[in-house]
Every structure is written in C-alpha cells, then in structure tokens.
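Enquirer: Before anything else, here's the structure in question.
The values are calculated or read from the model by the stated rules, or taken from the named source; none is laboratory data. What you are looking at is a predicted structure, and each value in this text was computed from that prediction instead of being measured. All Cβ positions, glycine included, derive from the backbone under ideal geometry; neighbour counts span all protein chains shown. Accessible surface is based on the protein model in full, side chains and every heavy atom, while ligands, DNA and RNA are left aside. Shrake-Rupley method; radii C 1.70, N 1.55, O 1.52, S 1.80 Å.
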Protein chains: 2
Amino acid sequence: MTGSLTIGTLAKQAAVNVETIRFYQRRRLLDEPDKPPGGIRRYTQTHARRIRFIKEAQKLGFGLDEVADLLALEDGRHCREVEEIAGHKLAVVRERMTQLSKIEKLLVVLVGRCHGNSGKVRCPLIASLESATA
Amino acid sequence: MTGSLTIGTLAKQAAVNVETIRFYQRRRLLDEPDKPPGGIRRYTQTHARRIRFIKEAQKLGFGLDEVADLLALEDGRHCREVEEIAGHKLAVVRERMTQLSKIEKLLVVLVGRCHGNSGKVRCPLIASLESATA
DNA sequence: ATTGACTCCGTACTTAAGTACGGGGATAGA
DNA sequence: TCTATCCCCGTACTTAAGTACGGAGTCAAT
C-alpha cells in the first residue's frame with residue numbers, strides 16, 4: 001500500500017536522507033507520527049509532500065525558519081496572522097523575482113551575443129543588478 | 001575622494017563585515033589589491049559593487065561556488081565557457097522563477113481570501129508547488 | 001611623539017543545515 | 001529459528017558561510 005511508509009521509504013520517495021527527516025522533526029517542520037507501542041512509525045504521502053515542499057522552498061533561498069512560516073500558513077491560521085506572514089513573504093518573493101528576472105535577461109543577452117562567436121565576451125551582469133539594488 | 005576606500009569604509013558601503021571581505025578574498029570572489037609596501041590596501045567602487053552583487057545572488061539561493069560562476073561571466077570569458085555557464089544558470093534561474101511565481105500566486109490568493117474575514121484560513125500552498133515539482 | 005583608531009594576518013570560534021555512528025530493538029524472508 | 005535489514009534515538013562529526021580575536025604594524029590628529 002502506498003499510503004503507509006516507513007521512514008526509509010519516505011526518505012527515498014522524498015529524495016532525502018533518513019537523518020534529514022529526523023532532523024526536520026526535531027525542528028518541528030514535520031510532525032512525528034505516534035509510535036505504535038514498541039514499534040515503528042508510519043508515514044503518509046502528506047509527509048512526503050511536505051518534505052519536497054521544504055526542499056523547494058530552500059532552493060528559492062528561504063532558510064528553515066522562513067520555511068516554518070510558510071508551513072504555518074499551510075497548517076491553517078487566523079486571518080490576522082495570515083495577512084501578516086503572507087504579506088511579508090509576498091514582498092520577499094516579489095523582490096526575488098525581480099532580481100532573478102534581471103539576471104535572466106542578462107544571461108539571455110550574453111548567450112545570444114556569444115552564439116557563433118568565438119572570441120571573448122564580457123557582460124555588465126553586476127551593473128544591471130545594481131541598478132535595482134540601489 | 002569616493003574612489004579610494006580602506007577595507008573598513010568599503011565594508012560600510014557594501015554593508016558587510018570587514019571579515020567577510022577578507023573571507024571573500026580568500027575564496028577568490030574578490031580580488032585583493034596590491035599592498036603598497038608596508039601599507040594599507042585601497043579599494044574602489046568596483047569592489048563595493050561586486051560585494052553587493054554577491055550578497056544579492058546569495059539571497060536568490062546561489063551558493064558561493066555558483067556565485068563564482070556568475071562572476072566568471074562578468075570577468076569576461078571565452079564563448080564556449082560563457083555558453084555553458086550562462087546556459088546552465090539560465091535554466092536554474094527560470095526554474096526558480098517558476099517556483100516563485102507559484103508561491104506568489106498562492107500568497108496573493110491567501111491574503112485576498114483573508115481580507116475582512118476573521119476566521120481561520122487554510123491554503124493549498126504545498127499542493128500547488130508540488131504540481132510543478134512532480 | 002604619542003595616542004587612538006584602523007589595518008594586516010593567522011587562527012579559532014559560531015551558526016545553519018545536515019550526516020554519520022553505534023547500540024539496541026523489530027521484522028520479514030530463507 | 002535465525003539472520004539480514006531496517007527502525008529508534010542520542011551523540012558527535014561535517015560543510016558552508018561567516019565572525020571573532022589578538023598581536024603587530026600604520027596613519028592621522030593632537
């Protein structure tokens with residue numbers, strides 16, 4: 001049955017180390033299912049999804065504390081909290097997208113300029129990001 | 001004159017710790033100006049810009065090794081290298097933008113749904129990211 | 001000429017995020 | 001049944017990215 005995983009298979013499904021799962025549990029990012037007396041814990045696809053979410057969010061530059069904020073939203077919160085957390089994250093996310101799109105444009109230009117050429121190229125990558133940074 | 005900084009003022013301008021600058025120099029992310037015999041090194045705005053760039057790139061989820069790749073582009077490279085590095089980074093950047101925009105949409109929905117409401121809200125944040133992840 | 005702030009450099013410590021290890025228990029297949 | 005493989009849990013180690021520390025030299029203003 002695909003609805004009941006041991007920690008090992010969960011780890012495989014979510015493509016992380018078993019120890020990482022236990023680490024997330026300690027950090028309260030992932031709940032620890034009750035242990036059947038004298039036994040082995042069972043996990044679900046919900047756990048797997050949450051782990052993958054954590055990993056994705058990390059790639060986007062969020063630290064585990066920030067990921068915890070995001071997960072708090074997922075877990076259901078009162079509106080005032082939601083507005084505060086979500087509003088703040090929204091600003092962060094948008095800022096990041098802006099910066100990324102600047103880098104993206106520059107990379108595109110660079111690759112294009114380069115195509116079929118075999119000399120040296122130099123690009124104003126930094127300057128361009130800067131104009132937004134200032 | 002604004003064109004000649006000591007490491008201390010450079011640190012202030014770039015909003016980092018002096019030690020961080022020295023650390024970046026060790027990591028070859030930032031060049032170390034020649035030391036006038038028996039003396040104190042002088043930095044320029046170019047250094048400050050580069051440091052700010054490093055910091056921005058980090059916020060976007062790039063590690064220092066990846067930042068080094070980006071800086072290699074800035075520093076001028078042969079076309080084959082540029083196409084390789086830039087092309088690869090471009091894919092990464094686009095992937096990140098996609099993920100961010102998913103999170104963004106969800107946050108917007110969440111905040112909107114919440115507005116003027118005072119109960120509890122729950123959101124399918126994870127599920128949405130997931131659909132892209134899979 | 002002296003003092004206070006700053007630089008230089010090497011070494012060591014810290015924080016975040018894992019990873020690894022090891023003893024002891026459970027469990028499933030030969 | 002026995003043995004291999006996996007789980008549980010605590011403790012300790014690792015890696016990336018800084019930060020801090022301390023002694024010795026330097027510079028600028030008093």
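A quick yes/no check of all residues on (1) of a type in the set (A, V, I, L, M); (2) modelled with pLDDT under 85:
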residue: A:63; (1), (2): no, no
residue: A:69; (1), (2): no, no
residue: A:73; (1), (2): yes, no
residue: A:76; (1), (2): no, yes
residue: A:80; (1), (2): no, yes
residue: A:86; (1), (2): yes, no
residue: A:101; (1), (2): no, no
residue: A:104; (1), (2): no, no
residue: A:114; (1), (2): no, yes
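Enquirer: For the stretch A:85-107, which residues satisfy the criterion of being facing chain B (nearest Cβ under 7 Å) and open to solvent by 60 Å² or more (accessible area, probe 1.4 Å)?
Expert: Result: A:94, single match.
Enquirer: For the stretch A:36-54, which residues satisfy the criterion of being among the hydrophobic types (A, V, I, L, M, F, W, C) and open to solvent by 40 Å² or more (accessible area, probe 1.4 Å)?
Expert: A:40
Enquirer: In addition: Tally time: how many residues in the stretch B:14-35 are in contact (Cβ under 8 Å) with a residue 24 or more places away in the chain and open to solvent by 80 Å² or more (accessible area, probe 1.4 Å)?
Expert: Qualifying residue count, the stretch B:14-35: 3.
Enquirer: How many residues are within 9 Å of DNA strand D (Cβ to nearest atom) and either modelled with pLDDT under 95 or among the hydrophobic types (A, V, I, L, M, F, W, C) (or both) when one looks only at the stretch B:22-45?
Expert: 7
Enquirer: Tally the residues that are within 12 Å of DNA strand C (Cβ to nearest atom), under 15 Å from residue A:40 (Cα atoms) and touching a Lys or Arg at 6+ places or on another chain (Cβ under 9 Å), restricting the search to the stretch A:4-17.
Expert: Residues meeting the conditions: 3.
Enquirer: Could you go through the stretch B:66-84 and let me know if any residue there is buried (at least 19 other Cβ atoms within 10 Å of the Cβ) and within 21 Å of residue A:92 (Cα to Cα).
Expert: Yes, because at least one residue in the stretch B:66-84 is buried (at least 19 other Cβ atoms within 10 Å of the Cβ) and within 21 Å of residue A:92 (Cα to Cα).
Enquirer: Within 15 Å of DNA strand D (Cβ to nearest atom), more than 14 Å from the chain's Cα centre (by Cα), more than 30 Å from residue B:56 (Cβ to Cβ) and modelled with pLDDT of 95 or more, is that true of residue A:8? Show your work before the answer.
Expert: Details: within 15 Å of DNA strand D (Cβ to nearest atom): yes; more than 14 Å from the chain's Cα centre (by Cα): yes; more than 30 Å from residue B:56 (Cβ to Cβ): yes; modelled with pLDDT of 95 or more: yes.
Answer is yes for this residue.
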